[in-house]
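Heads up: the structure comes next, in structure tokens.
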Amino acid sequence: MTRFETGNREEAIKYKFTLKECVFGDAAFYRRVAMVAVPMIIQNTLSNVVGLLDNVMVGQLGTNSMSSVAVVNQLLFVFYLCIWGSLAGAGIFSTQFFGKGDMDGVRYAIRFKLLDAIVIMVIAGVIFFNFGSNLISLYITADTPQADRLEIMGLAVAYLRIMMIGLIPFSLTQVYASAMRESGKTTLPMVASMIAMVVNFVFNVLLIFGVGFFPRLEVRGAAIATVISRFVEFAIVLIGAHRPGSQYGFFKGLYHNFKIPVTLIWPILSKCLPLLCNEFLWSLAQASLLQAYSVRGVHVIAAMNISGTISQIFNEVFLSIGNSTGIIVGQELGADRLVSARRCAWRMASLSIMSTFVMGSLLALAAPIIPQIYNTTPEIRHLATSCILVVATAMPINSYANVSYFTMRSGGKTAITFIFDSCFAWAISVPTAYILSRFTNLPALNIFMIVAYSELLKCIIGFCLVRSGVWVRNIVKNA
């Protein structure tokens with residue numbers, strides 16, 4: 001350990017690493033990463049595999065059914081990211097409090113998360129209930145045949161109304177699971193998610209197609225299966241957190257004398273608000289991108305849905321490494337090991353990029369194969385394959401941008417992450433897609449490719465910000 005491993009932020013930032021230090025870690029480092037990242041990778045990969053199977057099952061019902069589910073899931077994606085973003089603000093404190101060894105501080109952060117999640121859940125429920133059909137209609141182009149338009153709208157509204165029930169267990173599960181991950185103990189959330197995935201898959205088969213005594217509910221069956229699985233997941237996480245002798249000791253007394261010190265409310269809120277706004281605006285940007293692509297026709301939504309579902313499985317490795325970066329680097333900052341935090345950040349970035357060469361190659365190999373199992377037109381299959389290949393080649397770019405985001409967030413620099421993430425999307429990605437889709441004759445694939453590769457500029461910005469050390473801060477030192 002160098003004399004700058006703890007304390008003195010200015011000297012820690014000036015500390016010069018060798019190239020080997022930045023790229024390669026020792027065995028202890030990779031063991032630590034594996035403990036945090038591997039359960040996340042397994043959980044999220046299996047979740048996405050089940051999502052793919054669900055997608056294929058809905059796809060067997062026809063293009064309109066698949067498009068209706070894709071539209072609603074894009075709207076729900078905005079809600080999911082709002083939950084994750086708002087919880088992440090308190091999670092910065094939870095992670096650093098855990099690194100500091102302050103379990104009361106961890107409990108305060110979890111209580112804040114509970115209140116935060118309930119508020120967002122209620123707001124989302126009101127919006128979806130009152131304006132759901134208006135939002136869905138934005139994705140159905142004017143030239144869509146009237147019969148198809150009515151069918152897509154009817155299916156999408158029915159799917160959304162059922163999925164709204166699942167907002168409750170989803171939100172509460174994220175509060176508990178995020179706290180578990182921030183402590184570095186990610187096994188229980190993984191197990192709960194895996195069991196929920198099995199439940200979801202089984203009920204999908206039974207309710208979508210009406211196997212045995214179960215009714216054939218098609219799209220509505222898919223929604224019911226998802227809601228059931230979310231209640232199962234929440235029950236497992238809740239019981240595991242509060243059972244006697246649990247390894248998650250910070251949940252003990254969580255609801256006893258339920259309070260949050262006044263001096264902590266604004267510091268946590270000041271981190272939550274930028275992250276909430278960031279995730280909301282970023283997810284809205286992704287919804288806007290899909291809407292821009294949909295100008296080329298409903299078939300583009302179906303192709304993007306296939307591409308996104310498949311690509312997410314292979315993206316999950318670098319996404320989980322990025323999430324792990326926030327946990328590992330945050331714990332180092334909370335323990336006041338500032339040089340170690342910087343070293344970990346560079347090593348995690350190297351690991352993330354290296355993982356994409358493997359996963360990107362596998363995704364490229366899968367690109368021509370998986371779309372063929374969908375019950376849709378050859379045109380949609382071909383477009384989906386081409387989009388997947390674009391995602392595969394852009395994977396290293398996306399991985400570095402992702403790990404840069406989590407590195408800056410670990411030090412509480414939420415205002416900078418807001419500019420880096422959602423402001424970039426609205427200043428570069430969305431205008432590019434909007435202009436090209438409305439004022440040129442470029443095919444949807446070309447527009448998608450240009451937007452994907454524009455992330456290279458984001459990588460350059462991320463590199464400069466991480467290198468500057470602006471994020472190297474222990475925000476719980478005096479808390």
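The values are calculated or read from the model by the stated rules, or taken from the named source; none is laboratory data. Computed from a predicted model, the values in this text were never measured in an experiment. Cβ atoms come from the backbone with ideal geometry, glycine included; neighbour counts cover every protein chain shown.
Observations on the structure shown:
- Members of the stretch 436-479 that are among the β-branched types (V, I, T) and over 14 Å from Y400 (Cβ atoms): T440, I447, I450, V451, V470, V472, I475, V476
- Residue ID - nearest to V199 (Cα to Cα), chosen from residues in the stretch 76-105 that are among the aliphatic types (A, V, I, L, M) and crowded, with 24+ Cβ neighbours inside 10 Å: I83
- Some residue of the stretch 392-415 being among the aliphatic types (A, V, I, L, M), out of contact with any Cys (no Cβ under 8 Å at 6 or more places or on another chain), surrounded by fewer than 20 Cβ atoms within 10 Å (Cβ to Cβ) and under 14 Å from W471 (Cβ atoms): yes
- Residue that is part of a helix (DSSP H, G or I), polar (S, T, N, Q) and surrounded by fewer than 21 Cβ atoms within 10 Å (Cβ to Cβ), where the choices are N73, N55: N73
- Considering the stretch 318-330, and only residues there that are of a type in the set (A, V, I, L, M) and buried (at least 24 other Cβ atoms within 10 Å of the Cβ), the residue that is farthest from C423 (Cα to Cα) turns out to be I328.
- Test: residue in the stretch 213-227 that is farther than 19 Å from Y159 by Cβ and hydroxyl-bearing (S, T, Y): no
- Looking only at the stretch 242-262, and only at residues there that are at pLDDT 85 or above and part of a helix (DSSP H, G or I), the one that is surrounded by the most Cβ atoms within 10 Å (Cβ to Cβ): F251
- Screening S137, S171 for residues that are closer than 20 Å to L284 by Cα and buried (at least 21 other Cβ atoms within 10 Å of the Cβ) leaves exactly one candidate, S171.
- Residues (among the polar types (S, T, N, Q) and out of contact with any Leu (no Cβ under 8 Å at 6 or more places or on another chain)) located in the stretch 254-305: N257, T263, S270, N278, Q286, S288, S294, N305
- Between I450, I475, I460, I419, the distinction of being over 30 Å from Q60 (Cβ atoms), surrounded by fewer than 23 Cβ atoms within 10 Å (Cβ to Cβ), touching a Phe, Trp or Tyr at 6+ places or on another chain (Cβ under 8 Å) and not acidic (D, E) belongs to I475 only.
- Filter result (crowded, with 19+ Cβ neighbours inside 10 Å and among the hydrophobic types (A, V, I, L, M, F, W, C)) within the stretch 366-382: A367, I370, I380
- Subset of the stretch 76-112 [closer than 30 Å to G210 by Cβ and modelled with pLDDT under 85]: F77
- Cross-chain or 6+ apart pairs with Cβ under 8 Å, the stretch 14-39 first and touching a residue at least 12 places away in the same chain (Cβ under 8 Å), then assigned to a loop (DSSP other than H, G, I, E, B) and loosely packed, with under 12 Cβ neighbours inside 10 Å: Y15/T2
- Considering the stretch 447-467, the residues that are of a type outside the set (D, E, K, R) and out of contact with any helix residue (DSSP H, G or I) (no Cβ under 8 Å at 6 or more places or on another chain) include one that is nearest to H299 (Cα to Cα), namely I460.
- Put simply, of V71, V78 the only residue that is farther than 20 Å from E218 by Cβ, hydrophobic (A, V, I, L, M, F, W, C) and touching a residue at least 12 places away in the same chain (Cβ under 8 Å) is V78.
- When the stretch 424-454 is limited to residues that are farther than 18 Å from A394 by Cβ and without any contact (Cβ under 8 Å) to a residue 12 or more places away in the chain, the one that is nearest to the chain's Cα centre (by Cα) turns out to be A427.
- Residue in the stretch 439-462 that is touching a Leu at 6+ places or on another chain (Cβ under 6 Å) and either of a type in the set (A, V, I, L, M) or assigned to a helix (DSSP H, G or I) (or both) present: yes
- Restricted to the stretch 298-410, the set of helices (runs of 4 or more DSSP H) holding at least 1 residues that are out of contact with any strand residue (DSSP E or B) (no Cβ under 8 Å at 6 or more places or on another chain) and basic (K, R) comprises 338-366, 378-410.
- Failed item, numbered, when G7 is tested on (1) part of a helix (DSSP H, G or I); (2) modelled with pLDDT under 80; (3) among the small types (G, A, S): (1)
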